[in-house]
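Okay, structure first, notes after.
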Amino acid sequence: MDLLTENQPETCASLGMECGACVRQAASSVAAVCHGLEPAALHQVFFQLFPSSGCKPMALAFTTAYREVGEPQRQILALATAAA
């Protein structure tokens, strides 16, 4: 099975994956690579990663998780900039 083409809640659930944990992990990975994305860009990334209509309700959770993960990174960057 290819999760890139079969990324649907039913498929994920059959593998023992839970939507919330999956979305949080994806948001964390995106935050590690792409800092400071605006909401429109976050939605675009979410819908590219999770194209199934069954995943749409998790878009807000993805954005929230991205912001939560990114906040400590922004604070570290601010401290490093202030120290320089």
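What to note about this one:
- Residues that are surrounded by 14 or more Cβ atoms within 10 Å (Cβ to Cβ), more than 14 Å from V69 (Cβ to Cβ) and either in contact with a Ser or Thr (Cβ under 6 Å, 6 or more places away or on another chain) or modelled with pLDDT under 90 (or both), drawn from the stretch 18-48: C19, C22
- Selection from the stretch 49-72 of residues that are hydrophobic (A, V, I, L, M, F, W, C) and assigned to a helix (DSSP H, G or I): L49, C55, M58, A59, L60, A61, F62, A65, V69
The values are calculated or read from the model by the stated rules, or taken from the named source; none is laboratory data. Since the structure is predicted, the reported quantities are computational estimates derived from the model, not experimental observations. We place every Cβ from the backbone using ideal geometry, glycine too, and count neighbours over all the protein chains shown.
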